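Student: Structure below; questions to follow.
The values are calculated or read from the model by the stated rules, or taken from the named source; none is laboratory data. These numbers come from a predicted model, not from an experiment. With ideal geometry, Cβ positions are generated from the backbone for all residues, glycine too; neighbour counts draw on all protein chains shown. All accessible areas refer to the heavy atoms of the entire protein, side chains included, with ligands and DNA or RNA removed. Shrake-Rupley method; radii C 1.70, N 1.55, O 1.52, S 1.80 Å.
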Amino acid sequence: MKKLLTLALALLMIVSCFAFASCTKEPTAYELVSSAVEKSAALQNIELEQTVNMKMDMMDMLGMSVEVPITMTMKGKDINSENAVYYSLVNTTMMGMSVDSTVYIEGTDVYTLTMGEGFKMHLDSLEGEYDIAKDLTAVFSCPAESVFEGVMIVNNEDGTRSVSLVMTQDEYINSYRPYYDSLVGELGVGTDGVKISDIKVTVTVNKDGYVCGYKMSCVIDAKMNEMGMELDVKANVDTDIKFVNIGGNVTITPPEGYKDFTEIPADSET
């Protein structure tokens, strides 16, 4: 009887060890990011702060390098519902000039405020089909599993975990197409002939399994046609995105006096 009892206990301990090990199995870098991306993309309320620093080599055009820092606050409330509300404030600084631009979307009405001038237009009048949810969740994309090969998870002191990826141009475009288009648009060049190198992306996941931050850096080489001249443009771009109040309520305050903004008719060419 004692031998049977001892054997039973031994088997129980072995089974318990396997069960414990399976429950505490650490995810791979790909599993961590893919799970966090899926969870974050399902959020109904999103708030983020983004900074972009573009250092452009414009020796051909200006004989100098130009830094263009851009800061942005974006908020979305009930983004997958008919009552979705959107707000963004973008500040761009270039050669000593700073410009703030605000966009507020409520229902089917779009309100913009730039340099003290406020305008109202219908959502349908925007170029292309605009979707608040797609815009705010565009960054929640997980690269292909092959990109994570050999990549380890870094445990940060604040309890978050980070995964850093080195990507090719094709991998970056396939994973973060909206951000690629945005970067190229900021430079004012077409996508043809654009080369992106030194691409690094770091994804940080918080204790609750949500994406809480991104850091992206790259070098862009492109050509710009200016006054009939083809100029080479090179830009070092660093982007830092931080998500605020993840999983909580988002408070959005419309621009002051927005109901009195000048209305632009849908058929206006302004």
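Student: Need one value: the accessible area of T28 in square angstrom, 1.4 angstrom probe, rounded to the nearest 10.
Tutor: Answer for T28: close to 60 Å² accessible.
Student: Extending each Cα 7 Å along its Cβ direction at Y130 and V151, get the distance between those two points in nm, one decimal.
Tutor: Placing both labels 7 Å along Cα→Cβ, they lie 3.2 nm apart.
Student: I would also like to ask the following. Taking θ as phi - 60°, what are the ³J(HN,Hα) couplings along the range 37-53 by the Karplus curve (6.51, -1.76, 1.60), each to the nearest whole Hz, with x for Gly and Pro?
Tutor: Residue by residue, the range 37-53 yields 5, 5, 5, 5, 5, 8, 5, 8, 10, 9, 9, 9, 10, 10, 10, 10, 10 Hz.
Student: Once amide H atoms are placed 1.01 Å from N in the peptide plane, what residues at a sequence separation of 5 or more from V151, or on another chain, have their amide H within under 5 Å of its amide H?
Tutor: The list, which skips near neighbours in sequence, is empty: none.
Student: With labels modelled as points extended 7 Å from the Cα through the Cβ direction, what inter-label distance (nm, one decimal) is found for S35 paired with A144?
Tutor: 2.4
Student: Apply the Karplus parameterisation 6.51 cos²θ - 1.76 cosθ + 1.60, with θ equal to phi minus 60°, to every residue of the range 200-206 and state each ³J(HN,Hα) to the nearest whole Hz, in sequence, with x for glycine and proline.
Tutor: 10, 10, 10, 10, 10, 10, 7
Student: Past the 31 Å Cα-Cα mark, which pairs from K25/K195; K77/K207; K120/K215; K39/K234?
Tutor: Among K25/K195; K77/K207; K120/K215; K39/K234, the Cα-Cα distance tops 31 Å for K25/K195; K120/K215; K39/K234.
Student: Also, quick follow-up: Figure the gain on full extension for M224 and S182 (residue separation times 0.36 nm, minus the Cα-Cα span) and round it to one decimal in nm.
Tutor: 13.5 nm
Student: Going 7 Å from the Cα of H122 along its beta-carbon direction, which residues of the range 70-108 have the amide nitrogen within less than 18 Å of the resulting point?
Tutor: 105-108
Student: Just grab the label-to-label distance for E67 and T251, each label 7 Å out from Cα along the Cβ direction, in nm (one decimal).
Tutor: 3.3
Student: Something else now. Where the centroid of each part is defined by its Cα atoms, how far is the range 140-188 from the range 193-263 in Å?
Tutor: Result: 13 Å between the Cα centres.
Student: For M94 and A42 in the same chain, what is the full-extension length gain: residue separation times 0.36 nm, less their Cα-Cα distance, in nm?
Tutor: Full extension from M94 to A42 adds 15.1 nm.
Student: Here is a follow-up. List the GluC sites (Glu not before Pro) within the range 49-120 that DSSP assigns to loop and that have no more than 16 neighbouring Cβ atoms inside 10 Å.
Tutor: The qualifying sites are E82.
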